[in-house]
1. Can you name every residue in the stretch 14-54 that is of a type in the set (S, T, N, Q) and farther than 14 Å from GLN138 by Cα?
2. Would you mind stating whether LYS64 is farther than 30 Å from TYR131 by Cα and not small (Gly, Ala, Ser)?
3. Please state which one of ALA74, ALA27, ALA67 is under 18 Å from PHE151 (Cα atoms) and either touching a Leu at 6+ places or on another chain (Cβ under 9 Å) or without any contact (Cβ under 8 Å) to a residue 60 or more places away in the chain (or both).
4. Looking at THR53, is it under 26 Å from LEU132 (Cβ atoms) and not basic (Lys, Arg)?
5. Can you pull out every residue in the stretch 122-158 that is surrounded by 14 or more Cβ atoms within 10 Å (Cβ to Cβ), modelled with pLDDT under 75 and not aromatic (Phe, Trp, Tyr)?
Amino acid sequence: MRFCEDKYEVKVDLDIKKDESEVVKTAEEICRRMYFIEIYTPIRFGNVEVYETRRGFHLYIEVKEPAYLKKNKAFIVALQLLLMSDWKREVFNLSRVMSMFFLNVDYENWNILFYCKRNADGKYSTERRTYLSIMLEQILRSYETVGETIFDNEVSNE
């Protein structure tokens, strides 16, 4: 956890094409979802950190007052899926959560994003700060404004 005890983070593995228009489009969709989640659930988001990876981006999104997330890790998996995390990663996370439940154990490192990992060619892939990761981070940090604008436009077009 990158944040203190009264906060938690969701970890989103975002596999998208790394061009500016795709990043903006995806960021706006995530903002829309974050805004909608805050309207209809007790979840409140805080700080966002974004790093570029070989296949896309890693998003670390702070969740404030996460007592219900700590009690049921399946909520974390669901939230990460809602925020566009790679669905295959979340299937593995759900499998880990179910195993912990049935074995009555609690693994601290079940929900991980690799800072550095070796690919099939034996080369290392790492998280890094880039122009696109900083741009994505800045858009996501203004999720309330962006999400509200998109949401209001959708409602007025109905």
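The values are calculated or read from the model by the stated rules, or taken from the named source; none is laboratory data. The shown structure was predicted, so the numbers you read here are calculated from the model rather than taken from an experiment. For neighbour counting, all protein chains shown are included, and Cβ atoms are generated from backbone atoms with ideal geometry for every residue, glycine included.
1. Within the stretch 14-54, SER21, THR41, THR53 meet the criteria.
2. It is false that LYS64 is farther than 30 Å from TYR131 by Cα and not small (Gly, Ala, Ser).
3. Of ALA74, ALA27, ALA67, the one residue that is under 18 Å from PHE151 (Cα atoms) and either touching a Leu at 6+ places or on another chain (Cβ under 9 Å) or without any contact (Cβ under 8 Å) to a residue 60 or more places away in the chain (or both) is ALA27.
4. So THR53 fits the description; yes.
5. SER125
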